[in-house]
Amino acid sequence: MDSAAEANSKYSLSEAAELLASDGYVLLHQLCNSDLVRSIFRVSRQKSHTIREALGSREIGIGSAAGYAEIVQRSLGRWDVPIELEEFGVDEMALPWWPLVTAVLGGDAEHSFSGVVSSEPGCTAQCWHTDSPHIAKEHLTPHAVNILMALHDIPMTMGPTECARGSHTLTNHLNNTTLVLDELIYQHASTSPAILVNGLHQSVPAGCTSAMSEGSCLVFDDRLLHRGLANQSDSARHVAYFSYRRKGYVGDTHFESKRSIFE
Ligand SMILES: O=C(O)CCC(=O)C(=O)O
């Protein structure tokens, strides 16, 4: 983060990196200026409109394997439309979270994907899930991180993202053989922070959520247990996301369907 970003986001770069390591997430208040937010929101609206029109009334299931390359329904009424950095028209290294991403993933961190997730009014909460699995038995530093940018103020009624604090160290299915990988990655009703500590003398990771003001960013480790909450308001909730990986990490759980809505 540059100094302007630091002033807004309250944490220094090293504090933000430490929180990401200890809690698995960090909320950076008003990290982005309104010009950046407006421009990301404009592109997001246009692209979502085009893709939803092209999808029309076609049936689409829940989850990335049931979706299309251009749109995935992450839970009923929660739409994920991928958008490339070039379409957003941003310079990757000028983005205010880039210093934190490179501090955590290394200077050669790579952009994996980006886009917008929109939850419709009445959209229910997701099941707890992680976005990719641990890759070693011991706890390593993150192989991927995500940034969720609030494109407008998100009060609690709109259902911000909930994070299970510290759960990134407990979702290791290679270390804890009571955990079932598919039930962590794919939304499964029985997955909860409590199952991570079954039989262990550890407390259950606390579910933490907070309202977000426009331009605030939630940064989280891909291995963190999290979920989008229900949208109980009468307006759609939009967050842009930007995902990065350590150079050389290859993930295959995020966008599994290769079919196109334009085929
Ligand atoms: O909508 C959200 O707040 C989070 C979405 C999410 O975690 C997902 O779709 O994997």
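The values are calculated or read from the model by the stated rules, or taken from the named source; none is laboratory data. All figures in this text were calculated on a predicted structure; none of them were measured in a lab. Cβ sites come from the backbone with ideal geometry, for glycine too, and all protein chains shown count toward neighbours.
Quick notes on this one:
- Test: ARG246 is surrounded by 14 or more Cβ atoms within 10 Å (Cβ to Cβ) and among the basic types (Lys, Arg): yes
- Every condition in (1) within 23 Å of GLN232 (Cβ to Cβ); (2) surrounded by 18 or more Cβ atoms within 10 Å (Cβ to Cβ) holds for GLN30 except the one numbered (1).
- Answer residue from the stretch 193-212, given it is more than 13 Å from the ligand (Cβ to nearest atom) and crowded, with 22+ Cβ neighbours inside 10 Å and is farthest from ALA150 (Cα to Cα) among those: LEU196
- Number of positions in the stretch 77-93 that are over 13 Å from SER243 (Cα atoms), among the hydrophobic types (A, V, I, L, M, F, W, C) and either at pLDDT 95 or above or surrounded by 20 or more Cβ atoms within 10 Å (Cβ to Cβ) (or both): 4
- The single condition among (1) without any contact (Cβ under 8 Å) to a residue 60 or more places away in the chain; (2) within 17 Å of the chain's Cα centre (by Cα) that ASP23 does not meet is (1).
- Scanning the stretch 213-242 for residues that are within 10 Å of the ligand (Cβ to nearest atom) and either hydroxyl-bearing (Ser, Thr, Tyr) or over 13 Å from the mean Cα position of the chain (by Cα) (or both) yields ASN231, ARG237, TYR241.
- A single entry from LEU76, LEU140 fulfils the requirement of being within 27 Å of SER190 (Cβ to Cβ) and without any contact (Cβ under 8 Å) to a residue 12 or more places away in the chain: LEU140.
- Pair list, Cβ under 8 Å, 6 or more apart: the stretch 181-204 residue closer than 18 Å to GLY24 by Cβ and without any contact (Cβ under 8 Å) to a residue 60 or more places away in the chain, other residue assigned to a helix (DSSP H, G or I) and not aliphatic (A, V, I, L, M): LEU196/SER167; VAL204/PRO193
- Selected residue (criterion: surrounded by the most Cβ atoms within 10 Å (Cβ to Cβ)) from residues of the stretch 118-132 that are more than 21 Å from THR171 (Cβ to Cβ) and under 16 Å from the mean Cα position of the chain (by Cα): SER119
- Subset of the stretch 171-180 [surrounded by 14 or more Cβ atoms within 10 Å (Cβ to Cβ) and touching a residue at least 40 places away in the same chain (Cβ under 8 Å)]: THR171, ASN172, HIS173, ASN175
- Total residues in the stretch 51-65, condition in contact (Cβ under 8 Å) with a residue 60 or more places away in the chain and closer than 15 Å to GLN126 by Cβ: 3
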